[in-house]
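Following: one structure in C-alpha cells, then a few remarks.
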Amino acid sequence: MEIQNEIDEQFEILRKNYPGRELQITRLQDLIGDIHQVVPPSIFIFGDSATGKTSIVRSIFSKYKENASFINCIDCYTPRLLFEHCLNKLSGYIPNPDNLYSNYAHCETISEFIHFLTEICDKNKNEDEELTGRYLIFDNAERLRETNPLLLSALLRVPEITNLNITIILISNIVWEKFRSQTGMLEPILLQFPSYSKSEILNIMIRDCPKDENKNFYYIFIELLYDVFNKPCRNLNELRHMAMLLYPKYIEPIQEGKATRNDTVKLFKHIEIYFKQALDKLYLRNISSSEWKNKSFEEYVEPTVNSDIRFELPYYTKFLLIASYLASYNPPRYDLRFFSKSSENKRRKSRKQEDVSGSKKSQQLYGPKVFPMERMLAIFYSIIDDPIEGTIDINRQIASLKTLKLLIKVGNTDVLNQMKCKCNVNYEFIQYLSKSVHFDISRYLYEAV
Amino acid sequence: MVANSTINITEAYDSLSQACFILWPTDKKKHKDYTKNDGFQSLMDKTETEDFINQRHDKYYKIWNNIKTKIDKLMFDLNLSATNGIFNFVSSKLNNTDNADSINKDIQLPFKEIPTGLIFSGINPDDKRMYKQIVSKIKTVPTNHVAVLESKDCINLKNTMKIIIEQLMETNLNEENENIIDATEFYKKSKIKKSNKAPNYDPYILLGWYKHLEGVSKINNNTTSPVVIEDETKEKENNNNDNNNNSTNQSKAKHKLILFIEDFECFDVLLLQDLISIFSGYSEELPIILLIGIATSLETFHQSLPISSLSLLQIEKFKLLQSYECINEIIQKVFIETIDDFKLGVKPYQYLLDNFNFLNLSVDSFIRGLKFSVMYHFYSNPLSILSSIDPTSSEMDRIFSSLTKRHLDEAKVLTFPSFKFYINSIKSTSPKLVYELLTDDKVLKDSIREGLINLHNYHIKFRVGFECLLELQKLYQSPLFKKSKRALYLLSLQESLYDSAHVQLLIKRSKVITYPIIKKFLETIKLNIEKDEFAKKLLENFVTILNDILLKFEKFDENGNEIKEEEKKERIKKRGKQIKTEEVETKVKKEEIDDDNSYNDTLYKREKVDSSKENKLKNVEEEKINDAIIINENGKRPQKTIYDNVLLSYSNSNGTSTTQRETNISKRLRAEELRGYETMVDEVNQFINKFFKDTLRCYKEFPYYEIIYYTESSKLKKSFSAQPRSVIHTALNYPNHYLNCDCCSDNDNIIESSLHDTCIAYKLYLECGKLINLYDWFVAFGNILKDKIDKSKKKEKEQNKRIKQKQKQEAEEIAKSKEKEIKKKDDIIVLDSDNEIENVILINENKEKGKFEEHHSSDEDNEEKEEEEEEFNEKEIQARFIRAISELQYFGFIKSTNRKVDHVVKLTWGSD
C-alpha cells in the first residue's frame, strides 16, 4: 500500500510539473495508476522528441520499485542484454564485484526470458498476496525492430504467454504504423504526446526562471527568445538550452548598471547580436556555456568566418584534394580543355566557358561525382607546377585523405580494380585551400561558382 | 629469432602466399659476423681496423641517443601547455558536475550533457605521441580511469563496449583474480554463478563496478572483507596523492571515467551516436568525460553527428601544437643550438624539409630521416670519427694521433669539393702551403684540425647570429618580413644567410625602426653574445663596439626627464656615437671653432672619450633649446621613427627660418644634427651589417665541412621515397638494368626477342588499350618469340652446317693426308703394285662420297622434323605466354573481365 500512496503522490506532482501534459498523465494514471489493478497488455506512447514522454514515464515508474523495469533500447543492443537487464531490474539484482558481475540469469532467447520472468513473478507473489502489476518499459522502442524482426511481436505477447499481470510499454518517436511490418503483432493502446503549443512552451520555460528574478521580466525574455527561434527550432530542450545560454547576456547591461529592467528596447538591442550568433550555430552546440561566458563582445560582432573549417594540410595534399574536387565536379570530357597545356586549347576554353556559365544548372547541386583514381592523379600532375615523381608518398597521402574522410571510396572492394573515389569537401573549403596555395580554382572549374 | 628459424626451416616456406622470406644464416658464427656493429663494415677498401669501426658505431649511438633525448624532451615541453589544459579540463569537470548543479539550478534539462573535450590535433601522423602524453598525464590522478579507443578496434558496439569495460576496470579485474584465489568463498560463488556471468560487453558491469568503487571509497570503517581493505589502502593513497596534487578537492575526489576517442574521422558515426546516447543515459550514475581527437575541423564533427547526439555534448575545444611549430623548435634545438654535433648539409636538409612541407607534415618522419642520415654518416664516412666532438678537447688529440695515412688520403678525396676550393683560394698566396698540404700528411692533419676548429667557432657564432636575426625579425610587424626558423636555416645552408635577399632586406629596413626599439635590439644582441662564454670570446670586438654605443645611450637616458625630450636625446645619443669616430671628432673641432659656447671643449680635445662625452653634454643643452622649438612646432608626436623626426625637424628648420625664429647657431646645429643623425644611423647599420656578415656565414665556405656535415640526399631519397610504379616499369621495360646482360638494348621502339617473356608481354601490354584481346596479344607474343626461335634455329643450323663443314674439311683433310701418306707410301712402294693401290684409293673416295650423300639425306630429314617442331613450338609459346600473363596478373596489371569474351582489363595506365 505504501507504494500505491507514493504513486498517487507522484501523479499529483507530475501534473504540476508538466504543464500541458495533464491529459496524458491522467490517461496514464487511468491505465496503470493502480499497482494492484489488472493492467492492459501493452501501451504505445509516441510523439515528437522533447514532448516529455520519457521523463514523465520514467518519473512515474521510479516509484514502482521493482515492479517496473525501465529499459533504454539503445543500451541493450543485443537481445541478451535486453532480457538480462529486464530480469535484473525486476529482481533487483545488481551486478557487482561480490557476485563477480553476474546477471540474474543467463538468458538469450525469448523462451528463456519468459521462464525467468514467471520465476521472478512467482517468487514475489509469495511475499504479498495481492495482485500486482509488472511493467516492462522500453524507451526508444524503434530500436527493437532492428535487432530481430520477431522480437517485438514476441515481447508484445509476453503478457498473453505468461498469463501474468504484465504490461509492455513502448516509447518511441515514430508512429505505430511503422512498427506494423511483422506478423503476429498485438495492437497496443496508443497514447500520443502531441507537440507543445506556444503558450505551453512558455509556461514550461517560465519554470526555469531563476528564483531571484521577477517572473514577468523573465517572461518577456523567453517570449522574445521564442519569437526569434520558433521558426527553425521548436525543440523545447534546445530552446531551454538557448535560454540558459543567453539569459546571462540579456541581463548583462542591468548588472553593469547601463539599463534598468524596464528598458526593454535597450535590452533587445543588446541581445540582438547574440541571438544572431546563436541562430547561426543553432543545434551545433558549438559554444559551450563556459566558452560563451568568456568570449568578448567583439568576437561576436566579427566572428572569424572560416575558423570552423580551417586546418593544415601538406602542400601536395592540398593539391591532391583540389584535384579530386575538380575530378568530382568537372565532367571528364572537358578534362582536355581545362588541363592540357597547349595555348590553342586555352583559347577555345575561354570561349566555351561563357556558354557554360549561361546554363546554370549547377553541377554543385548534383553533388560530387565518382572519379577513378588515375584521372585524379592526371589532373594532379597537370595542375601542380613543379615536376614531381610519383613516389609512394603521394599514394600515402591519398590513403590519409581517405582516412580523414575527405575522399570517400566508392564501389566494390576489389583490390586490383581501379579505386574510385568521391571528393567529400565543399566549395567553401576548397576555395580556402586553393587560396592558401595560390591556385585559382575558378579557372579550372567547369562552372565558376 | 635465430632459434626459431633454425628449429624448422621448412615452416618458413609454408606460407607461400607471402612473397618475401627472411632466412637467417644458420651458422651462428657467420651470423655474428654479419650483425656485429649492426653491420658497420670496414671502409677504405677494407683497410679500416676494427677499432675505428667500433668508434664509428659507438659514436653513431651516442649521437643519435643524444639527439633523440633532446627531441623527446622538446616535444614533451612543447605539448605541455595543451596537455595541462586538457588535464585541467578533466579535473575541473569532475567538480563542476557537482557544483554546476548547485549553482546553475535555474535550468535543469531532462538529460545531462556529457562534458566533451574536442582535441584538434591537425592532420598530424604523430598525434599518437601526444595522446600518450595526455593520457599518462590524466592517469597521474588515481581516481581517473581512462579508456583509449582506436577505430581499428572498435568495429561494432559490442566490441567497443567490451574494450571500454576492459580498459576501465583493468586494474580491478586483476585484483579480483587474486582475491578469488585467496578466498574460497568467492571461488565457490564463481562456480555456482558462472553461467550467470554477465556478457563482457554489458554496461551494467561498469555500473556495478563503479558503484562498488564509490561505495568502497565512502565506507572507510568497514574492514570485514579483504577486498575492502585493499581498496581502502589504495583509496587512502589516492587521497594522499590528491592532497598533494590539488589541495582544493582532497576529500571528495570522485572517480571519473574518461573515454578517449583517438581518431574521430575513422569511427563509424552510427557507433559513436549510440555510444554517446548510452553514456548520456548513464551519466547520472557514471561520471563520463569524453575526449575526442579530431584531425580535421569542427565542421566535420558537426556534419557527422546528428542533432540528437550533439545536444548531449557539452563541448570544449583544445588545440594541440601544430607540427610546423614542432619542426621549427626541433631544428633550432638540434641544428642551431648544438655546436659539436651532427649537422645536415643542404641537400638532405632540403629533402627532409620538402617532404615535411609538401607531403606529410609529420614530425616523426622528419625524425626518421634524421636518424637515417646520422646512421649513414657514420656508416659510410671513415672520417666521421672526427665529427661531433669539441675539436679543442683532449679526446680529439687522441683521435688525431691515431689517424692512419689512409685516413688522410681519404680526407682529400672525401672532402674534395671544399678541399679543392680551399687549395684554389690559397694557391696564389701561399703555394708552399699548398704543396705541403698535398704531400705532407702532418701539415694536412694540422690543417684539418684547424678547419674543424674554424667550423666549431663558426657554429658558435652562427648560433648567436641566428638568434639575433630572429630578434631582428621580431621588430617588424608585417608578415612579409617574417620567415620561419626552418626556412631561415634552409637559406643559411644554401648560401651565406647574410647575402640572402631576405636578410639584406631586414637589415636595410632596420634604418627605419624607431629609436627605442633599435636600442633594445642592440641590447638583446649584447645579451645574446654574453650569454655564451665562447661566443663572447669570439665576438669580442663586436661587444666592445656595442658597449661603446650602449654606454653613450645610457648616459643620455639618465639625463632625460620628459618623454618628448627623450626622443631628442636619443638623437643626441646618436650623435654621441658618431662623435666616437675620429672623423666625427674633426667635426667637433669645427663645431668648437664655430660655437662660442664650446670654448671649454678645446681643453679636452685630445682625450677622446671624455671629450666626446662632454661634447654630448654640451650638445644636450644646446639641443634642448632646439627641442623647445621643434616641440612647439610639431605638436605632440612622441613615437615616430628617427627618420621621420629628422626629416620633420629638417623641414621645420626651413620653415622656421622663414619665420625668423632661429638663430644662426641653432641653424648650424640643426644641420649638424642631421649630418650627425645620418652618420649615426649608418653606424648602427654598419654594425648590424658587420655583425651579421661575420656570424651568418654558410658552412660551405669552410674547408673540410664534409667531415661534420652529411651532404648526400640520394640515399635518403632511395630509402624513404620509393617509387613503386616506376620501379616496376623499369624492371619490366629495361630488364637489363637488373639482369646485367648485354643481349638487349635500351631501345623503346623495338621489342627484342631476347627479352624475358614477361617483359615482352609487358611491352606489348603497354601498346594496348583499356581492354586487351588475349588472342591478339598471344599472336603478337608468338611472333616475337618465333623470331627468337627462328634465330636460335638458324644458329643451330649454322652451327650444324659449320660442324658439317668442319667435318667435311676434316674429312677432306683426312682424305688428303691419307692421300699424302699413301703417296708417301706410294713413293716407298711405287715399285710394288701401283694399280692395286689406286684401286684402294678409289674405293676410299667412293666411300667418302657415300658418307657425304648420307649427310645430305639426313639434312632433308631435319627439315621434316622442323615442321613437327613448329607444332611443338606453338605449344611452347602458348605455355610461355600463359606464364607471362599470369605473372602480369599476379603483379596487378590485368584482370579478367566479363565485359567481353577473351578480353582482359588493363589495370594501370601504362608508362609513367
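A few remarks follow.
- Distance from the C-alpha centroid of region B:495-552 to that of region A:190-208: 73 Å, rounded to the whole angstrom.
- Computed with a 1.4 Å probe on the full set of protein chains, the accessible area for A:Glu142 sits at about 30 Å².
- Once the 1.4 Å probe is applied to the protein heavy atoms, region B:374-486 comes out at 46 Å² accessible per residue.
- Rounded accessible area of B:Asp499 (nearest 10 Å², 1.4 Å probe): 90 Å²
- In this structure, B:Ile155 and A:Lys435 have a Cβ-Cβ separation that, at R0 = 45 Å, corresponds to a calculated FRET efficiency of about 0.70.
- A 1.4 Å probe over all protein chains sorts A:Met419, B:Met130 by accessible area into A:Met419, B:Met130, starting with the largest.
- Buried area at the A-B interface (accessible, heavy atoms, 1.4 Å probe, summed, Å²): 6700 Å²
- Heavy atoms of A:His115 accessible to a 1.4 Å probe, total area in Å² rounded to 10: 100 Å²
- The 1.4 Å probe gives accessible areas that order A:Lys435, A:Lys258, B:Lys254, largest first, as A:Lys435, A:Lys258, B:Lys254.
- Amide H within-cut-off set for A:Ile43, under 5 Å, with H built and near neighbours excluded: A:Ile168, A:Ile169, A:Leu170, A:Ile189
- Cα-projected label distance for B:Gln889 with B:Ser394, points at 7 Å along beta-carbon direction, nm: 7.5 nm
- Compared with its chain on its own, region B:702-726 contains the following residues whose accessible area drops by 50 Å² or more in the full protein assembly (probe 1.4 Å; ligands, DNA and RNA excluded): B:Gln723.
- Protection-proxy order for peptides B:791-800, B:143-152, B:371-380, B:532-541, each taking the mean of Cβ atoms within 10 Å per residue, highest first: B:371-380, B:143-152, B:532-541, B:791-800
- Above-threshold pairs, the threshold being 19 Å between Cα atoms, out of B:Lys347/B:Lys371; B:Lys482/B:Lys526; B:Lys343/B:Lys483; B:Lys254/B:Lys317; A:Lys420/B:Lys770: B:Lys482/B:Lys526; B:Lys343/B:Lys483; B:Lys254/B:Lys317
- Length-normalised contact order for region A:2-193 - Cα pairs under 8 Å, 6+ apart - percent: 32 percent
- Shown is the FRET efficiency for B:Thr47 and B:Val901, computed with R0 = 60 Å from the Cβ-Cβ distance and rounded to the nearest 0.05: 0.35.
- Most to least accessible of A:Arg234, B:Arg406, A:Arg240 (protein chains only, probe 1.4 Å): A:Arg234, B:Arg406, A:Arg240
- Amide N proximity, region A:190-204 versus A:Asp227 label position 7 Å along Cα-to-Cβ, cut-off under 16 Å: A:198-199, A:202
The values are calculated or read from the model by the stated rules, or taken from the named source; none is laboratory data. Note that the structure is a prediction, hence the values are computed from the model and not measured. As a convention, Cβ positions derive from the backbone with ideal geometry for all residues, glycine included, and neighbour counts pool all protein chains shown. When the accessible area is computed, the model is the full protein with side chains, heavy atoms only, and any ligands, DNA or RNA have been set aside. Shrake-Rupley method; radii C 1.70, N 1.55, O 1.52, S 1.80 Å.
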